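J.: Input: one structure, supplied below.
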Amino acid sequence: MTRPDIRIRPATDTDGADMARVIATIFADYPNCHFIPAEFPELAAPASHYAARHGRLWIAETAGRPVGSFAVTRTTDPTVFELFKVYLLPDCRGSGTAQAMLAEAIDLATAAGGRRLRLWTDTRFFEGHRFYERNGFVRVPGSRAVPDGSDTWEYAYTRALAASDQ
């Protein structure tokens, strides 16, 4: 169950600055992981950005203060959806909020005919990897480099949305 003081709501385009604060706070916990605003142009109008990609962005907040985010979009394969901007401040982890956020994404993808969910995550985000693996995601072999100021490498994860798709 999600902490009663945390609610999940659809994002608006005015949430970009708060999302930047959340992302920068999380990045600061990892070596050589820098939040560089120019690398996140979608935060200028985040809800519109994901809507244009046939998806949706949500914000987790407590007392009106955003503490996390997540987005899901359709890919070029109409049965595959992708997660983006999955962030949750450390003091909110273990609260059930990440589970609730993932459930929202799964519900949206499944209702839209999705059969698989995928994501890319920084190789340094060990807590995130454990969360994804506990929730049925399987890491795809290999990694990819991201041309950014943090010299980021990412792992891909994938998960079937229904037992019949495994």
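J.: Within the set of pairs 6+ apart or on separate chains, which have a first residue in region 146-163 that is within 24 Å of ALA24 (Cβ to Cβ), a second that is modelled with pLDDT of 95 or more and among the aromatic types (Phe, Trp, Tyr), and C-beta atoms under 6 Å apart?
T.: Listed pairs, sorted by first residue: GLU154/TRP120; TYR157/TYR132; TYR157/PHE137.
J.: Report whether or not ALA52 is within 22 Å of ASP107 (Cα to Cα) and out of contact with any strand residue (DSSP E or B) (no Cβ under 8 Å at 6 or more places or on another chain).
T.: Numbers: within 22 Å of ASP107 (Cα to Cα): yes; out of contact with any strand residue (DSSP E or B) (no Cβ under 8 Å at 6 or more places or on another chain): yes.
So ALA52 passes the test.
J.: In addition: Considering GLY55, GLY16, GLY64, which residue is more than 21 Å from PRO147 (Cβ to Cβ) and in contact with a Pro (Cβ under 6 Å, 6 or more places away or on another chain)? Talk me through it step by step, then tell me what you get.
T.: Working: GLY55 fails: in contact with a Pro (Cβ under 6 Å, 6 or more places away or on another chain); GLY64 fails: in contact with a Pro (Cβ under 6 Å, 6 or more places away or on another chain).
None of the other options fit; the residue is GLY16.
J.: All but one of (1) farther than 26 Å from PHE35 by Cβ; (2) in contact with a Phe, Trp or Tyr (Cβ under 6 Å, 6 or more places away or on another chain) hold for THR158; state the number of the condition that does not hold.
T.: For THR158, the exception is condition (2).
J.: Continuing with the same structure: Which residue out of GLY114, GLY96 is small (Gly, Ala, Ser) and either surrounded by fewer than 21 Cβ atoms within 10 Å (Cβ to Cβ) or modelled with pLDDT under 95 (or both)?
T.: On the way: GLY114 fails: either surrounded by fewer than 21 Cβ atoms within 10 Å (Cβ to Cβ) or modelled with pLDDT under 95 (or both).
From the options GLY114, GLY96, the qualifying one is GLY96.
J.: Right, next: Keeping to region 117-132, report how many residues are modelled with pLDDT under 95 and among the aliphatic types (A, V, I, L, M).
T.: 0
J.: Let me ask another. Look at region 65-96 and say how many of its residues are part of a strand (DSSP E or B) and small (Gly, Ala, Ser). Steps first, answer last, please.
T.: First pass over region 65-96, keeping only residues part of a strand (DSSP E or B): 65-74, 80-88.
With small (Gly, Ala, Ser) added as a condition, the list becomes 68-69, 71.
Residues in region 65-96 being part of a strand (DSSP E or B) and small (Gly, Ala, Ser): 3 in total.
J.: Filter region 69-93 for residues that are among the charged types (D, E, K, R) and loosely packed, with under 14 Cβ neighbours inside 10 Å and give the result.
T.: Within region 69-93, the subset among the charged types (D, E, K, R) is 74, 77, 82, 85, 91, 93.
Within region 69-93, ASP77, ASP91 meet the criteria.
The values are calculated or read from the model by the stated rules, or taken from the named source; none is laboratory data. Since the structure is predicted, the reported quantities are computational estimates derived from the model, not experimental observations. FYI the Cβ positions are ideal-geometry reconstructions off the backbone, even for glycines, and counts take in every protein chain you see.
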